[in-house]
Amino acid sequence: MLVAEDSVLFREGLTRLLREAGHDVVAEVGDADALLEAARATLPDLCVVDVRMPPRMDSDGARAARALRHELPGLPILLLSQHVETRHSLDLLSGGACGYLLKDRVLRLDDFLDAARRVAEGGSALDPEIVRALVAPLRDGPRLPNLSPRELEVLSLAAEGHSNAGIARRLVVSERTVETHMRGVFHKLGIADSVTSHRRVTAVVTYLSA
């Protein structure tokens, strides 16, 4: 794994956490330029990237991550931020193997490690606040497919990284019901059947970009 974070204390703590959990941290960097160089040199199985980093402290980490994804398709990336910033992350989210967590809302270390594992394996892990930022402003957009309130709720939970079984538990419905809602979402958004897990995130990005 590669850790890109400009705060020395946060970077050292995150690196120690990952190593104690059994992960090999191949590089630790503190700015976007170093992130690009280290990722190209080490080809990590996951990049954990702070959205705001030097040199400009204006979403430089997200921009560097997006550049890496174009160079290294499929590179798993987990974004971290103190604030919701989505303008430079849509390409990453639509490509799968991506997560976006808000630092202050990660309350359990196991939750962070689980999110990192899911992203490294090609899945997604989005903070609910990120999902709301993507979806909420567009719920009544006239050019968007007519998703039902329940389909929108299922889509939001899926984008956070919950499985169909997990969504069923949250909504107190059957897993078959969740599958039906997801099929409705994919149909309305025009997302073809796929064996890849990231089509759930693609659905959110498609909804945002409509």
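Overview of values
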{"quantity": "Cα→Cβ-extended label distance, 7 Å offset, between V172 and E71, nm", "calculated": "5.1 nm"}
{"quantity": "Among S174, S163, S81: highest mean-square fluctuation, GNM of the chain, C-alpha pairs under 10 Å", "calculated": "S174"}
{"quantity": "Gaussian network model of the chain, Cα within-10 Å springs - most flexible of P54, P128, P73", "calculated": "P73"}
{"quantity": "Euclidean distance of C-alpha centroids, the stretch 49-125 and the stretch 13-31, integer Å", "calculated": "15 Å"}
{"quantity": "³J(HN,Hα), Karplus 6.51/-1.76/1.60, whole Hz, each residue of the stretch 155-161, x for Gly, Pro", "calculated": "4, 4, 5, 5, 5, 5, x"}
{"quantity": "Dimensionless Rg/Rh of the chain - Kirkwood Rh, Rg from C-alpha atoms", "calculated": "0.98"}
{"quantity": "For the chain, built as a Gaussian network whose Cα springs stay under 10 Å, the top-fluctuating residue of D31, D111, D50", "calculated": "D111"}
{"quantity": "Taking the stretch 1-89 and dividing mean pair separation by its residue count, relative contact order in percent (alpha carbons under 8 Å, at least six apart)", "calculated": "28 percent"}
{"quantity": "Range of Cα positions in the stretch 2-125 per principal axis (Å), largest first", "calculated": "30, 30, 28"}
{"quantity": "Pairwise label distance in nanometres, D58 with L17, each label 7 Å out on the Cα-Cβ vector", "calculated": "3.0 nm"}
{"quantity": "Per-residue [θ]222 nm for the chain (sum of -39500 (n - 2.57) over DSSP H runs n ≥ 4, rounded to 500)", "calculated": "-15000 deg cm²/dmol"}
{"quantity": "On Cα atoms only, tilt of 175-189 relative to the major axis of the chain in degrees", "calculated": "80 degrees"}
{"quantity": "Relative contact order for the chain, counting Cα pairs under 8 Å that sit 6 or more residues apart, in percent", "calculated": "16 percent"}
{"quantity": "The stretch 1-74: C-alpha gyration tensor shape, a/c 1.5 cut-off, then a/b vs b/c", "calculated": "oblate"}
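No value in this document is a laboratory result; all are computed from the given coordinates. Being a predicted model, the structure only gives us computed values, none of them experimental. Every residue, glycine as well, gets a Cβ built from its backbone with ideal geometry; the counts of neighbours run over all protein chains shown.
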